[in-house]
Amino acid sequence: MYIGSHISASKGFEAMGKQALKLGANTFAFFTRNPRGGKAKEIDPADVDKLLALMEEHHFGKLVAHAPYTMNLCAAKENVRNFSMEMFQDDLKRMDYLPGNYYNFHPGQGAEQGIEMIAEALNGALFEEQTTTVLLETMAGKGSEVGRSFEELRRIIDLVDLDDKLGVCLDTCHIWDGGYDVVDHLDDVLNEFDQVIGLDRLKAIHLNDSMNPLGAHKDRHEKIGQGHLGLEAITRIINHPALKELPFILETPNDDEGYTNEIAMLRKLR
Ligand code: FE
Ligand code: FE
Ligand code: ZN
């Protein structure tokens, strides 16, 4: 089972790998740059190589990097869109230091023509030689968020030329908040995903419980088993044949000890 949590990138790449091992993880997520700012640190290729060696030695699954929250490819303000595009293109270059992994981003929010704008940005940023698969994250539908339904993600994918570079990261808290009942109707939800998007596009799971009831459109993550999804539903999710080989990333409100415990508990429930 590939499972891990979000890990701080502040001490570099090898340090993230070591931290993952400490937590009992064999994949992880990290912000490619300051999540609330935008500045990226210079990449040290020797440090990256140490992480790659560690990942190979310990049989890690694919990493699921996360774009900064300030990135909004369909912001109403043009300068925000331009800045977002610069970060996106720079992140894709940086991700190729870690060949063949995932780069997850929130599609965006704000503009009425959001779907078209996001697709246009992807068409400008994706390139044939990239080894990274870019993942659209399923969103909770808070405010004017794009990506609140499988159909919205499908429409983005349909407008992108290099769509073989695109996948989806399914956030269990977000889709629950978005109205998809993964507690009592997991098979139906996955069938719907397959019909609308295709399960071959599903590359990673953000495994989170939710503080809010089905369809709340709130996006408040809860610790595993302590929210409205509950431990039974989460056990079904991590064991589902369509999902079990994917990397599971915890974005639950935890410290190191909390993540260590959740990872150990989930491994037992497999
Ligand atoms: Fe996210
Ligand atoms: Fe998420
Ligand atoms: Zn969230």
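Values in this text are rule-based calculations from the coordinates and carry no lab data. Since the structure is predicted, the reported quantities are computational estimates derived from the model, not experimental observations. Cβ: placed from backbone, ideal geometry, glycine included. Neighbour counts: every protein chain shown.
Here's the yes/no breakdown for (1) under 30 Å from GLY143 (Cβ atoms); (2) not acidic (Asp, Glu); (3) not in a helix (DSSP H, G or I):
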position: VAL182; (1), (2), (3): yes, yes, yes
position: LEU190; (1), (2), (3): yes, yes, no
position: ILE205; (1), (2), (3): yes, yes, yes
position: ALA216; (1), (2), (3): yes, yes, yes
position: ILE224; (1), (2), (3): yes, yes, yes
position: GLU245; (1), (2), (3): no, no, yes
position: PRO253; (1), (2), (3): yes, yes, yes
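I need the full set of residues from the stretch 137-173 which are of a type outside the set (A, V, I, L, M, F, W, C), crowded, with 24+ Cβ neighbours inside 10 Å and part of a loop (DSSP other than H, G, I, E, B), in order please. Even if it seems obvious, please write down each step before you answer.
Initially, the stretch 137-173 is screened for residues of a type outside the set (A, V, I, L, M, F, W, C), giving 137-138, 141-145, 147-149, 151-152, 154-155, 158, 161, 163-165, 167, 171-172.
Among the residues that remain, those that are also crowded, with 24+ Cβ neighbours inside 10 Å are: 138, 147, 171-172.
The answer is THR138, GLY147.
Considered as a group, the residues in the stretch 109-141 that are within 16 Å of ARG154 (Cβ to Cβ) and within 16 Å of ligand 3 (Cβ to nearest atom) include one that is farthest from the chain's Cα centre (by Cα), and that residue is GLY141. Restricting attention to the stretch 64-89, the residues that are under 18 Å from GLU120 (Cβ atoms) and either part of a strand (DSSP E or B) or over 16 Å from the mean Cα position of the chain (by Cα) (or both) add up to 16.
Restricting attention to the stretch 195-222, the residues that are crowded, with 17+ Cβ neighbours inside 10 Å, in contact with a Ser or Thr (Cβ under 9 Å, 6 or more places away or on another chain) and under 22 Å from THR235 (Cα atoms) add up to 11.
Could you say which residue among LEU122, LEU98, LEU126, LEU63 is within 16 Å of ligand 2 (Cβ to nearest atom) and crowded, with 19+ Cβ neighbours inside 10 Å? Reasoning before the result, please.
Numbers: LEU122 fails: within 16 Å of ligand 2 (Cβ to nearest atom); LEU98 fails: within 16 Å of ligand 2 (Cβ to nearest atom); LEU126 fails: within 16 Å of ligand 2 (Cβ to nearest atom).
One residue alone meets the criteria, LEU63.
Could you list all residues from the stretch 242-257 that are under 20 Å from the mean Cα position of the chain (by Cα) and free of Cβ contacts under 8 Å to residues at least 40 places away in the same chain? Across the stretch 242-257, the qualifying residues are PRO253, ASP255.
So that you can scan it fast, the table gives a plain yes or no per residue for (1) touching a Pro at 6+ places or on another chain (Cβ under 8 Å); (2) under 29 Å from THR133 (Cβ atoms); (3) charged (D, E, K, R):
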{"residue": "ALA204", "(1), (2), (3)": "yes, yes, no"}
{"residue": "GLU232", "(1), (2), (3)": "no, no, yes"}
{"residue": "ILE238", "(1), (2), (3)": "no, yes, no"}
{"residue": "LEU246", "(1), (2), (3)": "no, yes, no"}
{"residue": "GLU251", "(1), (2), (3)": "no, yes, yes"}
{"residue": "ASN254", "(1), (2), (3)": "no, yes, no"}
{"residue": "TYR259", "(1), (2), (3)": "no, yes, no"}
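Total residues in the stretch 155-190 satisfying the condition of being within 16 Å of ligand 2 (Cβ to nearest atom) and either under 17 Å from the mean Cα position of the chain (by Cα) or of a type in the set (Ser, Thr, Tyr) (or both): the figure is 13.
Can you find a residue that is more than 25 Å from PHE30 (Cβ to Cβ) and surrounded by fewer than 17 Cβ atoms within 10 Å (Cβ to Cβ) anywhere in the stretch 250-265?
no
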